[in-house]
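Would you mind keeping the following structure in view while I ask a few things?
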Amino acid sequence: DYTQYNARINYEAKIRSNLTVGARFSGIGGTRYSMIVNGNVNGDFVDSNDLAYVYDPNSSATPDYIREGINSILNNPDAEKSVKDYIRKSFGKVAERNGGVNGFYGTLDLRLAKKFKTYKKQNLEVSVDIFNVANMLNKDWGAGHNLGTQKIYSIKGFDKDAKQYTYNVTLKFSQ
């Protein structure tokens, strides 16, 4: 069930016969992303698509450094809520491909256009477009937080005795 939401609303009004004001709202939400390991975990020679096993920080079997790293992400107020939700629902298993869900965001654009009569039925139109007006008022409004593939771990090495990889936990996720 991968539902993506798109919205586009246009409005235009003639103020006078030669003056037009317009607005457009565009929004999107529900796009998906995956959580992977930065490295070739499964030996297929591709290091950019191996889904991550998400250790459960509440499990005694989870190495301390991984527990601390995951808890750092979960307790970070700057980490996206969707990343935290994705990590929590993946505890103790391989993360679901496209299991991360981006939230909804939108932008508002404004337009002012004026027509000048030039010759007979010909006109010259001059317009001003202001893109993402809400962001001009508040830097958090109209800002997209769409995440792409997120790398929760990178391979640090391989423990031959335990027969498992050792990892660095990525504490900052990128857009």
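The values are calculated or read from the model by the stated rules, or taken from the named source; none is laboratory data. Every value quoted in this text rests on a predicted model; they were computed, and no experiment measured them. Cβ sites come from the backbone with ideal geometry, for glycine too, and all protein chains shown count toward neighbours. Only protein heavy atoms, including side chains, enter the accessible area calculation; ligands, DNA and RNA are left aside. Shrake-Rupley method; radii C 1.70, N 1.55, O 1.52, S 1.80 Å.
Just give me the residues in segment 64-104 being closer than 30 Å to GLY27 by Cα and among the hydroxyl-bearing types (Ser, Thr, Tyr), in sequence order.
Within segment 64-104, SER82, TYR86, SER90 qualify.
Every residue, every condition in (1) without any contact (Cβ under 8 Å) to a residue 40 or more places away in the chain; (2) more than 30 Å from ASP129 (Cα to Cα); (3) not hydroxyl-bearing (Ser, Thr, Tyr), yes or no:
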{"position": "ARG16", "(1), (2), (3)": "yes, no, yes"}
{"position": "ALA23", "(1), (2), (3)": "no, no, yes"}
{"position": "GLY29", "(1), (2), (3)": "no, no, yes"}
{"position": "TYR33", "(1), (2), (3)": "no, yes, no"}
{"position": "ILE36", "(1), (2), (3)": "no, yes, yes"}
{"position": "ASP64", "(1), (2), (3)": "yes, yes, yes"}
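Name the strands (runs of 3 or more DSSP E) wholly within segment 1-119 that hold at least 2 residues that are open to solvent by 40 Å² or more (accessible area, probe 1.4 Å)?
Result: 5-16, 19-29, 105-117.
When residues of segment 157-173 are filtered for being open to solvent by 60 Å² or more (accessible area, probe 1.4 Å), under 30 Å from HIS145 (Cα atoms) and modelled with pLDDT of 85 or more, how many remain?
Within segment 157-173, residues that are open to solvent by 60 Å² or more (accessible area, probe 1.4 Å), under 30 Å from HIS145 (Cα atoms) and modelled with pLDDT of 85 or more number 1.
Determine which single condition ASN168 fails, assuming it passes every other condition in (1) assigned to a strand (DSSP E or B); (2) among the polar types (S, T, N, Q); (3) over 26 Å from SER72 (Cα atoms).
For ASN168, the failing item is (3).
Still on this model: Whether any residue in segment 137-147 is closer than 24 Å to ASN71 by Cβ and either surrounded by 12 or more Cβ atoms within 10 Å (Cβ to Cβ) or in contact (Cβ under 8 Å) with a residue 40 or more places away in the chain (or both) is what I want to check.
Within segment 137-147, one or more residues are closer than 24 Å to ASN71 by Cβ and either surrounded by 12 or more Cβ atoms within 10 Å (Cβ to Cβ) or in contact (Cβ under 8 Å) with a residue 40 or more places away in the chain (or both).
Quick grid of which residues meet (1) among the basic types (Lys, Arg); (2) within 30 Å of VAL126 (Cα to Cα):
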position	(1), (2)
ARG24	yes, yes
THR31	no, no
MET35	no, no
PHE45	no, no
ARG67	yes, no
SER82	no, no
ASP85	no, no
GLY99	no, no
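Being farther than 17 Å from ASN38 by Cβ and of a type in the set (S, T, N, Q) is the filter; apply it to segment 118-156 and report the residue that is modelled with the lowest pLDDT.
Applying the filter and picking the extreme gives ASN146.
Checking THR31 against (1) touching a Lys or Arg at 6+ places or on another chain (Cβ under 7 Å); (2) among the β-branched types (Val, Ile, Thr); (3) within 27 Å of GLY69 (Cα to Cα), which single condition isn't satisfied?
With respect to (1) touching a Lys or Arg at 6+ places or on another chain (Cβ under 7 Å); (2) among the β-branched types (Val, Ile, Thr); (3) within 27 Å of GLY69 (Cα to Cα), THR31 is out only on (1).
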